[in-house]
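Encoded as C-alpha cells, the structure appears first; notes follow it.
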Amino acid sequence: MATAIVTGSSSGIGKAIALMLLNEGYTVIGLSRRRGEIEHSAFHHLACDLGDAKALDAIKGDLLGHKEINLLVNAAGFGRFEPHEELSQSTITEMIALNLSAPILLCNLLLRKLKESQGAIVNITSIEATRSSKFSALYSATKSGLRAFGHSLFEEVRNSGVSVITLNPDMTDTPFFDPLRFGVGENDDTKLFADDIAEAIRNLLSMRKGLSVTEFTLRPQRFGITKKK
Ligand SMILES: NC(=O)c1ccc[n+]([C@@H]2O[C@H](COP(=O)([O-])OP(=O)(O)OC[C@H]3O[C@@H](n4cnc5c(N)ncnc54)[C@H](OP(=O)(O)O)[C@@H]3O)[C@@H](O)[C@H]2O)c1
C-alpha cells in the first residue's frame with residue numbers, strides 16, 4: 001500500500017486531498033496542529049506546528065520510520081492580505097515559516113525516501129504565485145518562492161524518477177477566508193471547491209509513469225469575490 005504525507009489535513013484543500021488519497025487506497029499520514037475529522041483506519045495523524053522548525057524536527061523519526069513514502073503533499077498554509085506596513089512581524093515570520101520553510105524542510109527530510117520509491121511531491125501554491133496583486137506581497141513571496149523551489153527541484157530530481165507538481169489554485173471555498181475581510185464569490189462558477197483540487201491531483205497522479213506535469217493552474221470560469229462587513 002502506498003504511503004502519503006499530507007500537511008494541512010485537518011481542513012480545506014489538505015483534508016480533501018487526504019480523503020481522496022484514502023479513497024485511492026493510500027495510507028495517509030496527516031500533519032497539522034488539530035487532528036481534524038478524518039476517521040479512517042488508514043489515516044494517521046501527527047500533531048505538529050509546522051511553522052516551528054523544532055516541532056518538525058521532533059516528528060522526524062516518526063516520518064522516517066515509514067518503510068516507504070510515495071507522496072508528499074504540502075498543503076498547510078495561511079494568508080493575510082493587508083497593506084504591508086500593517087502586518088505584524090510575527091505574521092511575517094509565521095507565514096514564511098509555514099508556507100515556504102516547512103515544505104522545503106519536509107522535502108529535504110523526505111527526498112531520499114521519495115527517490116527510493118520514485119514518488120511524487122505536490123506543492124499547493126496559489127494563483128498569487130503567478131501574478132502580482134495589491135496587498136499580497138508577503139503571501140505572494142511565500143507562494144512564488146515555493147513555486148520556484150518546486151520547478152528547480154524537479155530539474156534536480158527528475159532523473160531519479162521523482163515528480164514535482166506545482167499546483168496553483170485560484171480562490172477556493174475553504175476556512176482559509178474565515179479570518180479575512182473578503183471571501184469567495186457566491187456562485188459556483190466564481191470559486192473552486194477543495195474537491196476540485198483533490199480531483200485534479202488524482203488525475204495528475206494517475207498519468208503514465210515517465211510523464212510529469214510540473215505545473216497546473218485551476219481557476220473558476222468567472223471572477224467573483226464577497227466583501228465582508
Ligand atoms: N482557499 C483558497 O482560496 C486557496 C487558494 C490558493 C491556495 N491556497 C492554499 O491552499 C493551502 C490550504 O489552504 P485551505 O484553503 O485549505 O485553508 P484552510 O482550510 O484554512 O486549511 C489550512 C490548513 O493548514 C493547516 N495549518 C495552518 N497553520 C498550521 C501550522 N502552524 N502547522 C501545521 N498546520 C497548519 C491547518 O491545520 P491546523 O489549523 O489544524 O494546524 C489546516 O489544515 C494553503 O497553503 C493555502 O495558501 C488556498
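Structure values in brief
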quantity	calculated
Selection within segment 68-88 - over 18 Å from Ala129 (Cβ atoms), part of a loop (DSSP other than H, G, I, E, B) and in contact (Cβ under 8 Å) with a residue 60 or more places away in the chain	Glu68, Ile69, Asn70
Check on Lys209, basic (Lys, Arg) and free of Cβ contacts under 8 Å to residues at least 40 places away in the same chain	no
Condition met for Phe154 (within 12 Å of the ligand (Cβ to nearest atom), modelled with pLDDT of 95 or more and touching a strand residue (DSSP E or B) at 6+ places or on another chain (Cβ under 7 Å))	no
Selection from segment 4-32 of residues that are polar (S, T, N, Q) and within 9 Å of the ligand (Cβ to nearest atom)	Thr7, Ser9, Ser10, Ser11, Ser32
Neighbours by Cβ (under 8 Å, 6+ apart or cross-chain): first from segment 1-15, free of Cβ contacts under 8 Å to residues at least 40 places away in the same chain and over 18 Å from Asp52 (Cβ atoms); second assigned to a helix (DSSP H, G or I) and not acidic (Asp, Glu)	none
Residues being among the basic types (Lys, Arg) and more than 17 Å from Arg219 (Cβ to Cβ) - total across segment 131-183	3
Qualifying residue in segment 131-146 (condition: under 25 Å from Gly36 (Cβ atoms) and away from the ligand (no atom under 11 Å from the Cβ))	no
Index of the failed condition, Asp57 passing every other in (1) out of contact with any helix residue (DSSP H, G or I) (no Cβ under 7 Å at 6 or more places or on another chain); (2) charged (D, E, K, R); (3) assigned to a loop (DSSP other than H, G, I, E, B)	(3)
Among (1) within 16 Å of the ligand (Cβ to nearest atom); (2) among the polar types (S, T, N, Q); (3) in contact (Cβ under 8 Å) with a residue 60 or more places away in the chain, the one test that Thr91 misses	(3)
Only one of Ser101, Ser160, Ser144 that is under 23 Å from Lys15 (Cβ atoms) and among the polar types (S, T, N, Q)	Ser101
Residue check, Leu98 within 15 Å of the ligand (Cβ to nearest atom), touching a Leu at 6+ places or on another chain (Cβ under 7 Å), in contact (Cβ under 8 Å) with a residue 12 or more places away in the chain and outside any loop (DSSP other than H, G, I, E, B)	yes
In segment 1-31, residue surrounded by the most Cβ atoms within 10 Å (Cβ to Cβ) [restricted to those that are hydroxyl-bearing (Ser, Thr, Tyr) and in contact with a Lys or Arg (Cβ under 9 Å, 6 or more places away or on another chain)]	Ser9
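Every residue, every condition in (1) closer than 18 Å to Leu204 by Cβ; (2) surrounded by 17 or more Cβ atoms within 10 Å (Cβ to Cβ); (3) in contact with a Leu (Cβ under 9 Å, 6 or more places away or on another chain), yes or no:
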| site | (1), (2), (3) |
| --- | --- |
| Lys115 | no, no, no |
| Gly119 | yes, yes, yes |
| Ile124 | yes, yes, yes |
| Thr142 | no, yes, yes |
| Leu153 | yes, yes, yes |
| Phe182 | no, no, no |
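The values are calculated or read from the model by the stated rules, or taken from the named source; none is laboratory data. All of these numbers come straight from a predicted model, not from anything done at the bench. In this analysis, Cβ positions are derived from the backbone assuming ideal geometry, glycine residues included, and neighbour counts consider all displayed protein chains.
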